[in-house]
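Contents: one structure, followed by commentary.
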Amino acid sequence: MNIIAAILVIAGALAAAASIMAYPRLRRRWRKPAQLTAAEQRLLLERLPWRDLLTARQRDKLLRLSARLLADVRFVGCGGLVLTGEMQLVVASQASLLCLGAQPAEFALPGEILIYPDAFYIPRDLPDEHGLVDDLPLLAAGEAWQEGRVVLSWSDIRQALAGAADNVVLHEFAHLLDFAAPDTEGAPPMAGVDSWSGPFSRAFDTLRAQGSPVIDIYGAESPAEFFAVAVEAFFQRGAELADAHPDLHAVMAAYFDLDTARCRPHFTDAQTQATPR
């Protein structure tokens with residue numbers, strides 16, 4: 001094989017590799033926008049506790065964002081959990097709820113969402129503040145990876161639908177919002193971050209010094225965890241957050257374009273049953 005032929009073969013191989021890598025992105029660009037059926041739209045809104053807060057514009061946007069997430073993200077049932085379409089709608093709608101604000105506020109979609117029947121164990125390989133690594137795995141209800149994976153517990157999702165203070169979907173996808181603004185830990189992508197940082201810093205310092213009647217003490221670990229638990233409190237206990245931390249609630253209401261203190265969410269235990277294999 002002469003030099004020119006070898007160059008052509010190498011160039012052809014590189015072009016083929018580039019086409020394969022670009023294919024998923026090009027396919028998403030060329031295909032029609034994903035849509036939910038009328039039945040899926042009704043079910044999604046029935047299962048969304050905050051549906052009464054949404055304007056018509058926000059409902060339409062929520063349905064579009066949820067359809068895109070369901071089309072582009074791989075859902076995987078783990079530990080014997082058989083996922084249903086309804087379960088996926090519940091996750092997609094709550095994740096998309098975080099992107100309804102007037103400012104561009106979207107996170108990079110994860111490649112896959114893994115859902116376990118219950119809390120799951122994850123290994124701990126990072127050293128603590130003393131440089132030690134704990135040999136025991138951590139029991140967790142959720143986890144978000146910057147590499148493009150979210151892991152959730154279905155039993156914890158159901159408890160949030162029933163009105164529990166914790167909401168693992170909102171918590172983990174709040175981390176994705178935080179990842180989308182790498183220059184500011186504990187804040188979503190936004191213009192005018194100074195108006196956000198003051199109320200958040202004060203509430204974070206208060207939590208670390210004396211706790212909070214609404215915000216989980218787990219948020220005292222770092223600004224990133226504080227943001228995630230504050231998002232949970234904003235949606236699950238909006239009126240109580242507004243009473244205890246009015247400045248914090250105000251900046252979150254402005255960012256998410258939702259006043260969660262205005263009316264109580266429609267919490268009701270999800271009837272969706274996880275079917276074991």
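How far, in nm, would the chain grow between Ala39 and Asp243 when pulled straight, counting 0.36 nm per residue and subtracting the alpha carbon separation? All intermediate terms of the calculation are to be shown ahead of the outcome.
Numbers: separation 204, 0.36 × 204 = 73.44 nm, distance 3.78 nm.
Value of the extension gain: 69.7 nm.
The slack between Arg57 and Ile217, meaning 0.36 nm per residue of separation minus the straight C-alpha distance, is 54.1 nm.
Applying 0.36 nm per residue to the separation of Arg202 and Glu86 and subtracting their alpha-carbon distance, the gain on full extension is 37.8 nm.
Sum up the charges of everything whose Cβ sits under 10 Å from the Cβ of Pro223, counting Lys and Arg as +1 and Asp and Glu as -1, but leave Pro223 out. All intermediate terms of the calculation are to be shown ahead of the outcome.
Values: positive: none; negative: Asp178, Glu185, Glu221, Glu225.
Residues close to Pro223 contribute a combined charge of -4.
Indicate the gyration tensor shape class of the range 204-248 (rounded, prolate or oblate), computed on the Cα atoms with a ≥ b ≥ c the square roots of the eigenvalues: a/c under 1.5 is rounded; otherwise a/b larger than b/c is prolate and the rest oblate. Oblate, because a/c is 1.5 or more while a/b does not exceed b/c. A cut-off under 15 angstrom between Cβ atoms defines the neighbours of Lys61, and their net charge, with Lys, Arg +1 and Asp, Glu -1, is +2. The local environment of Glu112, defined by Cβ-Cβ distances under 14 Å, has a net charge of -2 under the rule Lys, Arg +1 and Asp, Glu -1.
Counting only protein heavy atoms and using a 1.4 Å probe, what share of the accessible area of the range 170-214 belongs to carbon plus sulfur, as a whole percent? Write out the running numbers ahead of the final one.
Values: 1030 of 2110 Å².
Carbon-and-sulfur percentage of accessible area, whole number: 49.
The values are calculated or read from the model by the stated rules, or taken from the named source; none is laboratory data. Just so it is clear, the structure is predicted and the values come from calculations on it, not from any experiment. All Cβ positions, glycine included, derive from the backbone under ideal geometry; neighbour counts span all protein chains shown. What goes into the accessible areas is simple: the full protein's heavy atoms, side chains included, and nothing from ligands, DNA or RNA. Shrake-Rupley method; radii C 1.70, N 1.55, O 1.52, S 1.80 Å.
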